[in-house]
Amino acid sequence: MRSLYRTLWRSSRDPAFTKAFPVGVAVAAYGLSYGVLAVAAGLSPLVATISSIIVLAGGSQFAFVGVLAAGGSPLAGAISGLLLNLRYLAFGFAIAPHLPHARRRRRAIDGYLVVDESVALGLAGPNDAVAHRFRVAGWTVVTMWIGATALGAYGGQLIGDPERFGLDAAFPAGFLALLSPWLVHRPGRVAAVLGAVLAIGLTPVAPPGIPIIAAGFGAIVAMRLTPANLPEVDDAPGGGEPTAGNPQRHGDDS
Amino acid sequence: MSAIVAGLVVLAAGTYALKVAGPMLAAGRTLPPWARRLAELMTAALLAALVATQTLASGTTLIVDARLVGVAAAGLAVWRRAPFIVVVVIGAATTGVLRAAGWN
């Protein structure tokens, strides 16, 4: 008990934690809505909570339950989520050079902690403490995301019919907020427009979920149409995407 | 539910593989620029597709209903740099109010 107190006291004075905490609060708000919507889409509260533990990537979890809610198959939902998570490959490579001399098991855990917030907060600041900031932010997100999901999943049942409160519109509203950082540069805008047009065009003719996957081709076309002038992503995860410390950024996407 | 759990396991395993590749493999290695660029643009394309279909699609038909107004209001909030949770609440509340007023 005493050591728990000491740990809490020490972390309350750790600048890495004081930076990560407000981000964690935003993550919690997002997790709460995920818990509610996941149950509305047909997951049991337990499965919804477990999904946050084993996936730990909010945007893709929203995509998964969004596809289910629209009548798509779980496999189509999983593929949509994975395409959305392709950026974590880039994020993992961006943070990796700052995690030196770590043992294999440590690196396996570090891999789990790769989310938008942890990479953004880790890379923002002096180079000698990147790993520390990354891990503190990562564990903050883990705690908040999973806890809030459980709260939303078990508590959301009290709400009743979610459509009555417009909760189905909460999905696209949230995705729009997540999308906004990508709209500041032209390649991002071209990819977004192509993705949206492809998905809408295919909706009447393809099974639910497939239009989202097909929208990925919009990214490939956008790559050919626009010059390779995206800002470097070596130091800023998300290539020019505003980082979590930047007020421009919306919420999270753990 | 078991199909849902299977889908989640696929999503979890694939996501972990994407996340851990860097920390496990990259001792000083980086992704080629085209791969980083594709990952970036893929995120933009998919998020936009999700916004569009979840605003306008109902199953396999396209309809204009209260969601469109809600998402437009949310877009305004995004433009005004409102925090994430405010954007979501505005989108849902606008839609809910319109439905309560009898417009679907």
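Considering every Cα-Cα pair within the stretch A:35-85, what fraction, in whole percent, is farther apart than 13 Å? Value for the stretch A:35-85: 50 percent of Cα pairs lie more than 13 Å apart.
Based on other C-beta atoms within 10 Å, arrange A:139, A:145 from fewest to most. Each step should come with its number before you reach the end.
Working: A:139 17, A:145 29.
The fewest-first ordering by Cβ neighbours comes to A:139, A:145.
For the peptide A:71-83, the mean number of other protein chain Cβ atoms found within 10 angstrom of a residue's Cβ is 6.
Quick one: A:18, B:61, A:49, fewest Cβ neighbours within 10 Å first, how do they rank?
Details: A:18 12, B:61 9, A:49 21.
Ranking A:18, B:61, A:49 by Cβ neighbours within 10 Å, fewest first, gives B:61, A:18, A:49.
So how many Å³ per residue does the convex hull of the Cα atoms of the protein assembly as shown work out to?
On the way: hull volume 46.6 nm³, N = 358.
Taking the convex hull of the Cα positions in the protein assembly as shown, it is 130 Å³ per residue.
Between the alpha-carbon centres of the stretch A:75-134 and the stretch B:70-103 there is a gap of 32 Å. Summarising the amide proton neighbourhood of residue B:58: residues at separation of 5 or more, or on other chains, whose placed amide H is nearer than 5 Å comprise B:63.
The charge dipole of chain B, taken about the Cα centre with unit charges on the Cβ atoms of Lys, Arg (+1) and Asp, Glu (-1), comes to about 280 debye, rounded to the nearest 20.
Once divided by 2.2 N^0.38 Å, the Cα radius of gyration of the stretch B:1-89 becomes 1.50.
Peptide A:30-41 has a mean shielding of 1, counted as Cβ atoms of other protein chains within 10 Å of each residue's Cβ.
Dipole of the stretch A:96-156, Cα-centred, from +1 at each Lys and Arg C-beta and -1 at each Asp and Glu C-beta, to the nearest 20 debye? Kindly include the intermediate steps, with their values, before the conclusion.
Working: 7 positive and 4 negative charges, 80 e Å.
Taking the Cα centre of the stretch A:96-156 as origin, the dipole is about 380 debye.
Give the dimensionless ratio obtained when the Cα radius of gyration of the stretch A:1-160 is divided by 2.2 N^0.38 Å.
On the way: Rg = 16.8 Å, N = 160, 2.2 N^0.38 = 15.1 Å.
The reported ratio for this selection is 1.11.
Computed from the coordinates by the stated procedures, all read-outs in this text should not be read as laboratory data. Please read all numbers here as calculations on a predicted model, not as lab measurements. Every residue, glycine among them, receives a Cβ derived from its backbone with ideal geometry; neighbour counts consider all protein chains shown.
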